[in-house]
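J.: The structure's right below; bear with me while I get my questions together.
FYI, it's all coordinate maths here, none of it is from the lab. These figures come from a predicted structure and were not determined experimentally. Neighbour counts are summed over all protein chains in view; Cβ atoms, including those assigned to glycine, are modelled from backbone coordinates with ideal geometry.
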Amino acid sequence: MATDTRPYALSRRRAADVAAAELRAFGDLLASLGDTDWALATDCDEWNVRDVAAHVCGQYEELARPTVLFRRLRTARRRYPDRTALDGKNRVQVDDLGRRPPAELVAHLARNGPVAIRRIRLMPGLFRRISTERFYPEPPLAEPNLGYVVDVLIPRDTWMHRVELSRATGRPFEVDDHDYEIVGQVVRDLDRAWRRPPLRLELTGPAGGTWQIGGRAPVESVTADTLAMMLHLSGRDGVDLPKDSPLSAARVVF
């Protein structure tokens, strides 16, 4: 457990290791699901377990084969003109893959995931600096570039969907060292956007830790379960905070 520390950025190498570890954890969870698990509802509106798996499979397929990403972005503009570019593209992922049998989805991730991780490890700096606003002209990310997406958001998104599938299916949420790093990067983005008085944030349970939010000595403290707080910060139903809590309206991009 991290103790009373400031959030820090991961090195490029460590970020790739974290992404690889999260891919393995998600793949292991998918492989453990039974036949009846795949139709269960999740915390994602309108998506069941199979839909969430299809979305994650689509993410890694797009990293492994960038032409698939561009095709889905074009399809999304035509098929879902009322959606944001990101939301529309995610829906096309589910359109493309969501009807596949579970065994095919497991195999799809096992085939494309390692290729995607290799691309992350070998991605040139020139590519990593490409602005994401050319693809997703929504409100800007904490760092609107491709490097931030592959180092931070892809493993974070996969991690959150693993939380959802664990909750939906009643499977235990398995934690190792990489989970602490993912939670730490969520806290880092929270810290970078923080405009309130400094805060001591203590997260308990799996992948928990204690961090200082804000640049000076904390003037108040918040304690919450790690997974519940991550759900809350992502905009899902998570921890119930008092209305006057400094974190009641806080959100981080997942």
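J.: Do any residues in region 99-120 that are part of a loop (DSSP other than H, G, I, E, B) have Cβ atoms under 8 Å from those of residues that are of a type in the set (Gly, Ala, Ser), where the two are at least six apart or on different chains, and which pairs are they?
T.: Correct list of pairs: 100/54.
J.: For region 35-56, does any single residue satisfy the condition of being more than 19 Å from the chain's Cα centre (by Cα), touching a residue at least 24 places away in the same chain (Cβ under 8 Å), surrounded by fewer than 22 Cβ atoms within 10 Å (Cβ to Cβ) and in a helix (DSSP H, G or I)?
T.: Yes: one or more hits.
J.: Just one of 237, 244 is at negative phi, in contact (Cβ under 8 Å) with a residue 60 or more places away in the chain and either part of a loop (DSSP other than H, G, I, E, B) or within 21 Å of the chain's Cα centre (by Cα) (or both); which is it?
T.: After applying the criteria, what remains is 237.
J.: When you go through 213, 182 one by one, which is the residue that is within 26 Å of residue 52 (Cβ to Cβ) and surrounded by 20 or more Cβ atoms within 10 Å (Cβ to Cβ)?
T.: Exactly one of 213, 182 is within 26 Å of residue 52 (Cβ to Cβ) and surrounded by 20 or more Cβ atoms within 10 Å (Cβ to Cβ), namely 182.
J.: Still on this structure, I have one more. Output the number of residues of region 172-192 satisfying the condition of being farther than 16 Å from residue 5 by Cα and either part of a helix (DSSP H, G or I) or touching a Phe, Trp or Tyr at 6+ places or on another chain (Cβ under 8 Å) (or both).
T.: So the answer is 3.
J.: Condition (residue is free of Cβ contacts under 8 Å to residues at least 40 places away in the same chain, in contact with an Asp or Glu (Cβ under 8 Å, 6 or more places away or on another chain) and aliphatic (A, V, I, L, M)) applied to region 184-206: is it met by at least one residue?
T.: There is at least one residue in region 184-206 that is free of Cβ contacts under 8 Å to residues at least 40 places away in the same chain, in contact with an Asp or Glu (Cβ under 8 Å, 6 or more places away or on another chain) and aliphatic (A, V, I, L, M).
J.: State the number of residues belonging to region 122-144 that are loosely packed, with under 15 Cβ neighbours inside 10 Å and either in a helix (DSSP H, G or I) or touching a Leu at 6+ places or on another chain (Cβ under 7 Å) (or both).
T.: 7
J.: Among the residues of region 193-226, write down those that are closer than 19 Å to residue 180 by Cβ and in a loop (DSSP other than H, G, I, E, B).
T.: Within region 193-226, 205, 206, 207, 208 meet the criteria.
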